[in-house]
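Before any comments, here is the structure.
What follows draws every value from the coordinates through simple rules; no lab data is involved. Not measured: the values here are computed from a predicted model. Please note: Cβ atoms are built from the backbone with ideal geometry, for glycine as well, and neighbour counts cover all protein chains shown.
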Amino acid sequence: MEKYFTPEAPAAIGPYSQAVGAGNLIFTSGQIAIDPKTNTVTAQTIEEQTRQVCENLKAILTHCGSSLSHAVKTTCFLADMNDFTAFNAVYGEYFTEKPARSCVAVKALPKGVLVEVEVIATKD
């Protein structure tokens, strides 16, 4: 098992790794809209936050020798299911290979964000 960290994505805000590799698979931790340059959430809208989340995931997967196009499964958490359509519009720009996905509404997310996404991907 391999643990991964890149400064191109936010550092973990708890006792976990950005990603872990097991065999040919990469498992990312859930990413929220923290800007790795400022270590704060600056994005306000669901579209802006989704874009930041996807950029964070892209940076982690690239560091791990993978990519968003190698995602096989995502799990998406929304603070409000009314954001589903707007979330999908941005998500679809990044996950063009259409991996399997679960998307659920949750009561709350860390730092009061609107979205969190985790990915399982294969290595390139």
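Taking strands (runs of 3 or more DSSP E) that do not extend beyond the stretch 29-124, which have at least 3 residues that are touching a Gly at 6+ places or on another chain (Cβ under 8 Å), of a type in the set (S, T, N, Q) and more than 21 Å from Gly14 (Cβ to Cβ)?
It comes to none.
Applying the selection to the stretch 1-28, what residues are part of a loop (DSSP other than H, G, I, E, B) and in contact with a Phe, Trp or Tyr (Cβ under 9 Å, 6 or more places away or on another chain)?
Residues satisfying the conditions are Ala11, Ala12, Ser17, Gln18.
Results for (1) in contact with a Pro (Cβ under 6 Å, 6 or more places away or on another chain); (2) crowded, with 17+ Cβ neighbours inside 10 Å; (3) within 18 Å of Ala121 (Cβ to Cβ), shown as yes or no for each residue.
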residue: Gly14; (1), (2), (3): no, no, no
residue: Ser17; (1), (2), (3): no, no, yes
residue: Asn39; (1), (2), (3): no, no, no
residue: Ala43; (1), (2), (3): no, yes, no
residue: Gln49; (1), (2), (3): no, yes, no
residue: Val53; (1), (2), (3): no, yes, yes
residue: Leu57; (1), (2), (3): no, yes, yes
residue: Gly65; (1), (2), (3): no, no, yes
residue: Thr74; (1), (2), (3): yes, yes, yes
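Can you name every residue in the stretch 31-77 that is touching a helix residue (DSSP H, G or I) at 6+ places or on another chain (Cβ under 7 Å) and free of Cβ contacts under 8 Å to residues at least 12 places away in the same chain?
Answer for the stretch 31-77, where residues must be touching a helix residue (DSSP H, G or I) at 6+ places or on another chain (Cβ under 7 Å) and free of Cβ contacts under 8 Å to residues at least 12 places away in the same chain: just Ala43.
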